[in-house]
1. I'm checking my understanding of the structure. Among residues of the stretch A:64-91 that are within 22 Å of A:L30 (Cβ to Cβ) and among the charged types (D, E, K, R), which one is nearest to the chain's Cα centre (by Cα)?
2. Which ones in the stretch A:95-109 are touching a Leu at 6+ places or on another chain (Cβ under 9 Å) and among the small types (G, A, S)?
3. I'm told B:K96 meets every condition in (1) farther than 23 Å from A:Q41 by Cα; (2) in contact (Cβ under 8 Å) with a residue 60 or more places away in the chain; (3) within 13 Å of chain A (Cβ to nearest Cβ) except one. Can you identify the failing condition by its number?
4. Please determine, by comparing only the residues of the stretch A:77-93 that are buried (at least 21 other Cβ atoms within 10 Å of the Cβ) and within 14 Å of chain B (Cβ to nearest Cβ), which one is farthest from B:S42 (Cα to Cα).
5. Within the stretch A:21-53, track down each residue that is on the phi < 0 side of the Ramachandran plot and exposed (fewer than 14 other Cβ atoms within 10 Å of the Cβ).
6. Can you pull out the residues in the stretch B:33-55 that are within 9 Å of another protein chain (Cβ to nearest Cβ), open to solvent by less than 40 Å² (accessible area, probe 1.4 Å) and assigned to a strand (DSSP E or B)?
7. Filter the stretch B:56-73 for residues that are within 19 Å of B:Q97 (Cβ to Cβ) and open to solvent by less than 30 Å² (accessible area, probe 1.4 Å) and give the result.
Amino acid sequence: DSGVTQTPKHLITATGQRVTLRCSPRSGDLSVYWYQQSLDQGLQFLIHYYNGEERAKGNILERFSAQQFPDLHSELNLSSLELGDSALYFCASSVTEAFFGQGTRLTVV
Amino acid sequence: AQTVTQSQPEMSVQEAETVTLSCTYDTSENNYYLFWYKQPPSRQMILVIRQEAYKQQNATENRFSVNFQKAAKSFSLKISDSQLGDTAMYFCAFMKQSGGGADGLTFGKGTHLIIQP
């Protein structure tokens, strides 16, 4: 058990809809990194939050946004969903260990 | 920007054999971390081994060891006495140390390792 919690585990939604993915980092970790894993793009870094502030952006679409709350959990918001957004979304905490959550499998139909 | 290349999309070996997975990377950074992650069919990402670039000694974790060649920008993973449970996707990843790791991990495309009974 990595100590990183993601919910939900699975999500099925229709094109054009908006969803929110949630991540709680390991106890004591201030960072949350979001990654997308798809067949086309492989594993890609999306965004990093540290103690409530955005630290770095990767290949994150403008339709996607994230935030980190005072209790350090983070939410990734995906809007105007397209079929190509179907992927496994991971979050991770810690700088050097990068412990991963179990992921949220998003299917857009 | 950093790039990570895994040139072996798939490998298959017999149980108990030794197998080496290749990884090369390109960076202008001097201080960084390199990782190997295992992703079994459950899709969980599991850290296998980590190497700090400033350390000359190759990292080892039980049956897993790396051959880190900084000048050649090579970071291969050796699995000794392979077991059926080692069947998984293996990802090589890079993280630069500057900025406190803010930019996250850069991954290769992965190697699908199959251990045959």
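1. A:E75
2. A:A98, A:G103
3. (1)
4. A:S93
5. Result: A:S27, A:L39, A:D40, A:Q41, A:E53.
6. If the condition is that a residue be within 9 Å of another protein chain (Cβ to nearest Cβ), open to solvent by less than 40 Å² (accessible area, probe 1.4 Å) and assigned to a strand (DSSP E or B), then B:Y33, B:F35, B:Y37, B:Q39, B:E52 are the ones that fit.
7. B:A59, B:V66, B:F68
Residue by residue, here is whether (1) of a type outside the set (A, V, I, L, M); (2) in a strand (DSSP E or B) holds:
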{"site": "B:A1", "(1), (2)": "no, no"}
{"site": "B:V4", "(1), (2)": "no, yes"}
{"site": "B:Q57", "(1), (2)": "yes, no"}
{"site": "B:L77", "(1), (2)": "no, yes"}
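The values are calculated or read from the model by the stated rules, or taken from the named source; none is laboratory data. Here the structure is a predicted model, which means the values were calculated and not measured. Please note: Cβ atoms are built from the backbone with ideal geometry, for glycine as well, and neighbour counts cover all protein chains shown. Surface areas here come from the heavy atoms of the whole protein model, side chains and all, with no ligands, DNA or RNA. Shrake-Rupley method; radii C 1.70, N 1.55, O 1.52, S 1.80 Å.
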